[in-house]
Amino acid sequence: MGALRDDQRAGGGTPAAASLVGVFLLSAATLMFEIALTRLFSVAQFYHFAFMIVSLAMLGTGASGTWLSLRLSLRLSRRPPRRRVGDAPAWLSLGCGLSAIGAYLVVNGVPFDSFSIAWDWRQALLLGVQYLLLSVPFFCSGASLSLLMVRHTGAIGSLYAANLTGSAAGCALALVLPSAVGGEGVIWVSGFASGLATVHLVFGSRVRDALTAASAPAVVVRRGANRLCVALSVLLTLGCAAVVWRRPPAFALRLSPYKGLSYALQVPGATLLTSDWNGYSRVDLVQSQSIRSLPGLSYRYPGSPPPQLGLFVDGDDLSPVLQVPAKGVGSVGNGADAFEGAAGYLPTSVAYVLRPQADVLVMAPQGGMEVWVALDLGAQHVTVAEPNALIVQAVGPLYEHNLDGQASSITLVSEEPRSHVRRVILNQRQAELQLAQMTSYDVVVLSLTTPYRPIRSGAYSLGEDYRYTLEAFVDTLSVLKPDGLLVVSRWLQMPPSESLRAFALAVEAVERLGGNPARQIVAFRGYAMMTLLVKATPFSSTDLQTIRRFTAERAFDMVFAPDITASEVNVTNALPSPIYYETFRGLLAAQDREAWYAAYAFDVRPPTDDHPFFGHFFRWSQMRQIVAELGKSWQPFGGAGYFVLLAMLAFALVMAVLVIGLPAAVATIRNRNPRRAQGTGRYAVRGQQIADLIYFGLLGVGFMFVEMPLIQRAILFLGHSAYAVTAVLFSLLLFSGVGSFISARLSRWLVHAIEVLAGLVLLAAAVFPTLSSTLLWLPLWVRAGVTVFLLGPVGVLMGIPFPGGLVVFGGGADTGNHQGRLARAWAANGALSVVASILAALLALTWGFRLVLILGALSYAGAAATLAWQGRAVRAARSPDR
């Protein structure tokens with residue numbers, strides 16, 4: 001431990017307050033940068049690339065640990081330091097800020113083309129370069145913090161507290177700041193914070209002398225290196241502040257050319273009216289003569305679509321907005337006037353023919369088209385569940401006017417549709433007990449707000465959609481009146497896929513409620529869209545006659561109905577065969593439905609809250625065809641985000657081998673004399689090294705296998721991925737720090753602590769889905785508090801195994817093999833965390849979140865078993881009998 005002792009002599013005392021502030025600011029900057037990257041990648045590329053950020057953050061942090069471990073192992077600090085203690089952490093902090101800004105500018109200026117990666121090897125290389133480039137800020141931050149903790153060994157608790165509180169502050173700021181500075185602005189705020197952190201770290205070791213000295217600046221920055229570091233950090237801080245203040249267009253986020261907003265802005269005359277950010281989305285409003293979108297409109301409509309604006313969320317998902325003047329202007333305007341009449345030719349209008357004067361719930365309508373349909377066709381009252389305030393602001397006048405310019409009969413509920421439905425169900429139960437009037441709806445419309453996406457593009461496979469899960473359909477059917485209707489529309493694909501999956505959802509939801517899907521579901525299609533009508537009770541003969549008359553008048557084709565015959569289908573929009581009719585009937589008539597799903601060309605099983613990937617249809621049986629088409633098709637992913645994730649996984653595995661192999665090789669060279677380590681033999685040393693790799697590697701896998709599914713599962717509970725990431729990371733960081741702080745006191749019970757952790761994770765896998773569904777009706781701030789409270793015990797226990805393992809395995813800081821063990825611990829934990837973060841996404845996509853949590857519990861159980869085995873081996877080696 002010569003290197004470690006030299007570092008302690010250089011600065012082992014208590015750090016100054018300025019250093020603690022520097023650690024706080026640097027930690028906040030790092031977490032802001034990480035969370036901002038997940039949002040920017042979701043907007044600029046596609047959702048599955050957000051998973052890459054967690055992986056590269058772990059790669060950078062793990063690499064910093066490897067660097068520090070090599071520094072200790074090779075005794076690079078044995079010589080007197082060329083600069084005083086504060087210099088290296090300060091320079092690394094400056095490097096964190098500069099590399100964060102530089103990496104963003106490079107990645108934004110030279111974006112990689114995700115669709116051409118299948119045939120252009122340069123895109124795969126570019127992805128790898130960007131992966132490494134974006135990991136540099138995390139390396140610098142981790143190295144700076146690690147050096148401070150090694151050198152100030154007497155104040156690790158204070159430094160770790162500053163690190164954790166700064167990280168928690170960064171999580172919160174990353175959620176709040178986009179509303180004020182935009183998503184890109186958060187990157188520059190993180191650079192600003194890194195610059196301030198650098199100044200504090202430079203001044204930290206001499207701040208007390210500076211306050212008492214006659215020539216304070218000379219005392220603090222008496223060396224040229226210090227002056228240069230301070231000057232650069234001041235320039236970084238001022239530069240980032242100027243960019244945040246002025247927001248130069250040159251630094252704006254560049255979107256993938258395959259995003260809907262990119263297509264819309266290519267049309268001559270298209271104008272971007274507004275572009276706003278909040279903590280979980282970017283909403284753009286575009287004016288263009290080309291936007292005339294009425295999805296599913298019958299071609300028998302004699303008029304033309306009304307003038308519209310285009311609303312885009314996260315650069316995609318065009319949703320039409322009728323052009324309506326603000327309140328008090330007078331008439332509602334040409335957009336709404338032209339829309340009257342067109343509404344009756346949209347497929348969802350059949351609900352208002354069947355249920356005139358309906359009480360309607362429209363779920364997440366975005367641009368509000370389905371709200372206009374309901375109002376135009378005589379709905380008595382419309383409840384709109386729209387959680388995004390930016391969308392409400394963009395749609396604006398819709399919620400202030402009815403079609404005649406009078407006060408609107410609309411109730412706007414600013415929350416997630418699932419939360420609103422759960423609250424209605426709770427109110428129903430209370431009303432039943434009190435014999436009061438229950439809240440329920442005649443019509444519930446699940447708005448189709450996504451454009452047509454060929455399932456073979458696979459760009460949206462990893463996007464969770466908790467509106468299209470079996471539990472969601474069951475809850476929605478539960479808030480209907482006995483004669484109520486659930487209306488669901490999906491795009492037609494060939495062979496049947498998303499419409500078939502929606503039908504399967506309806507079938508199994510009706511069955512779960514004890515109904516008969518053969519009598520409670522009707523399906524009809526137009527040229528490109530399928531519409532499902534699902535009743536809480538069987539359809540009457542009058543309802544069926546009305547539906548047939550509606551479809552015949554508007555040239556829609558019947559697909560499924562309780563009394564349908566083969567002669568009624570495939571008449572107007574004729575296909576070579578009535579494939580939708582045959583497929584729907586085949587699904588419903590299957591004796592063994594699981595076998596039917598397994599034999600189908602795509603995976604069309606109904607999604608669940610544990611596996612909420614409605615857009616994921618991939619089967620491994622498609623692999624041969626996909627490989628044969630590589631480089632010959634513009635849809636390279638074959639129905640899944642699998643192949644981008646697989647490329648990331650392969651790259652992570654290579655990096656893991658390097659990160660683990662380098663310290664392990666150094667440790668092997670240092671231990672060529674096998675008698676150096678506690679007098680044990682060569683095989684004992686090798687067994688010890690293997691045990692280290694297994695134990696600390698399993699900790700890395702376990703941590704990510706718990707963190708990643710908890711984040712994804714919390715999306716339903718908290719309403720959006722940004723809220724979930726912030727709450728889960730905040731909780732685990734804060735409480736893991738508490739666990740690390742008390743780990744030394746629990747070293748005797750470390751195995752039992754890890755066993756309890758594994759048990760808690762298994763309990764969470766079993767209980768959390770039911771608990772989150774039960775509490776979904778609570779206000780958002782209460783649900784956020786519940787999340788932090790529930791994750792507290794898990795977080796505390798997750799913080800214990802790593803430092804506790806170093807104490808138990810190390811046998812004290814003076815053992816000869818301690819440096820090699822530290823190197824192996826950092827390398828194995830960091831490298832396998834990189835791999836596990838991507839593997840967790842792949843496993844969740846295939847088998848669901850619960851399995852990933854179970855595997856996380858098993859990883860911790862394996863670590864406990866390894867620790868117990870190695871403990872027995874160490875005690876046996878130290879026994880006097882030996």
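The values are calculated or read from the model by the stated rules, or taken from the named source; none is laboratory data. Here the structure is a predicted model, which means the values were calculated and not measured. Neighbour counts are summed over all protein chains in view; Cβ atoms, including those assigned to glycine, are modelled from backbone coordinates with ideal geometry. Ligands, DNA and RNA are stripped out before the accessible areas are found, and what is left, the full protein with its side chains, is counted by its heavy atoms. Shrake-Rupley method; radii C 1.70, N 1.55, O 1.52, S 1.80 Å.
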Across region 252-278, the tally of residues that are open to solvent by less than 60 Å² (accessible area, probe 1.4 Å), among the hydrophobic types (A, V, I, L, M, F, W, C) and either part of a strand (DSSP E or B) or without any contact (Cβ under 8 Å) to a residue 24 or more places away in the chain (or both) stands at 3
Of all residues in region 727-750, how many are of a type in the set (A, V, I, L, M, F, W, C), within 22 Å of the chain's Cα centre (by Cα) and open to solvent by less than 40 Å² (accessible area, probe 1.4 Å)?
4
Would you call Gly182 at pLDDT 85 or above and touching a Ser or Thr at 6+ places or on another chain (Cβ under 9 Å)?
yes
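Is it fair to say Trp781 is open to solvent by 10 Å² or more (accessible area, probe 1.4 Å), in a helix (DSSP H, G or I) and either at pLDDT below 80 or closer than 24 Å to Phe705 by Cα (or both)?
On the way: open to solvent by 10 Å² or more (accessible area, probe 1.4 Å): yes; in a helix (DSSP H, G or I): yes; either at pLDDT below 80 or closer than 24 Å to Phe705 by Cα (or both): no.
Here the answer is no, as Trp781 does not meet what is asked.
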Determine which single condition Pro347 fails, assuming it passes every other condition in (1) touching a Gly at 6+ places or on another chain (Cβ under 8 Å); (2) at pLDDT 90 or above; (3) surrounded by fewer than 21 Cβ atoms within 10 Å (Cβ to Cβ).
(3)
Given (1) of a type in the set (A, V, I, L, M, F, W, C); (2) at pLDDT 85 or above; (3) over 23 Å from Leu485 (Cβ atoms), index of the condition Trp372 fails
(3)
With (1) open to solvent by 20 Å² or more (accessible area, probe 1.4 Å); (2) touching a helix residue (DSSP H, G or I) at 6+ places or on another chain (Cβ under 8 Å) as the list, and Ser772 as the residue in question, which single condition is left unmet?
(1)
Test set (1) within 17 Å of Ala523 (Cβ to Cβ); (2) among the charged types (D, E, K, R); (3) modelled with pLDDT under 90 - Asp603 fails condition number
(1)
Out of region 844-880, which residues are among the aromatic types (Phe, Trp, Tyr), within 18 Å of Asp610 (Cβ to Cβ) and either at pLDDT 90 or above or crowded, with 17+ Cβ neighbours inside 10 Å (or both)?
Phe849
Matching residues in region 370-382 (touching a helix residue (DSSP H, G or I) at 6+ places or on another chain (Cβ under 8 Å) and surrounded by 20 or more Cβ atoms within 10 Å (Cβ to Cβ)) number 9
Is it the case that Ala753 is assigned to a helix (DSSP H, G or I) and under 22 Å from the mean Cα position of the chain (by Cα)?
no
